[in-house]
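What follows is a short report on a single structure.
The values are calculated or read from the model by the stated rules, or taken from the named source; none is laboratory data. Since the model is a prediction, treat every value here as computed from it, not as a measurement. Glycine gets a Cβ as well: all are built from the backbone with ideal geometry, and neighbour counts include every protein chain shown. Surface areas here come from the heavy atoms of the whole protein model, side chains and all, with no ligands, DNA or RNA. Shrake-Rupley method; radii C 1.70, N 1.55, O 1.52, S 1.80 Å.
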Amino acid sequence: NIQWWNPKTGKLITSIQAHIGRTWAVAVHPEGNFFASGGEDCLCKLWKVENDLNNPILVKVLKGHSDKVKSLVFSPDGTMLVSGSEDHEIRIWDAHTGLHLKTLVGHTNRAWTVAFT
């Protein structure tokens, strides 16, 4: 599940079942109106958040990893999403269309963390 909490009150706002099995990663788009989730089901999902946090809308499902998606990050300009997986791959996606742009291979172990500089 992905859960939103009100930091002022400490109360749960909403909870969604985003993936089959565990959700391992969440990244918020720089503009704040989208977020991505990655899970045990080997998928990355793009979600749109309207004014109502109670009802995020699933926009795209990004398929390509063959194992759990453990890390996600948006590029600072918001145009790309990068995912790291236990399949030893890092994938680069177009954050707006969901198109797979490139796969970085060569890791000999899990790609648990990704970052932009």
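Report every pair of residues separated by at least 6 positions or lying on different chains whose Cβ atoms are under 7 Å apart, first residue within the stretch 1-16 and within 13 Å of W47 (Cβ to Cβ), second open to solvent by less than 90 Å² (accessible area, probe 1.4 Å) and outside any strand (DSSP E or B).
Listed pairs, sorted by first residue: I2/A18; W4/L53; T14/L53; T14/N54; I16/P56.
Across the stretch 79-92, what is the number of residues that are within 14 Å of C42 (Cβ to Cβ) and open to solvent by less than 10 Å² (accessible area, probe 1.4 Å)?
The number of residues fulfilling the criteria is 3.
Are there any pairs with C-beta distances below 8 angstrom linking a residue in the stretch 24-53 that is in contact (Cβ under 8 Å) with a residue 60 or more places away in the chain to a residue that is in a strand (DSSP E or B) and of a type in the set (D, E, K, R), with the two at least 6 apart or on different chains, and if so which?
Partner pairs satisfying both residue conditions: F34/K48.
Considering only residues that are modelled with pLDDT of 95 or more and hydrophobic (A, V, I, L, M, F, W, C), look in the stretch 91-114 and name the one that is nearest to P30 (Cα to Cα).
A95
Just to confirm my filter: which strands (runs of 3 or more DSSP E) fall fully inside the stretch 60-117 and include at least 2 residues that are closer than 14 Å to G39 by Cβ? Full working, then the answer.
Working: elements: 69-74, 80-85, 90-94, 100-104.
Fully inside the stretch 60-117 and qualifying: 69-74, 80-85.
Given the residues S66, S71, which is the only one that is at pLDDT 90 or above and exposed (fewer than 13 other Cβ atoms within 10 Å of the Cβ)?
Details: S71 fails: exposed (fewer than 13 other Cβ atoms within 10 Å of the Cβ).
Only one candidate qualifies: S66.
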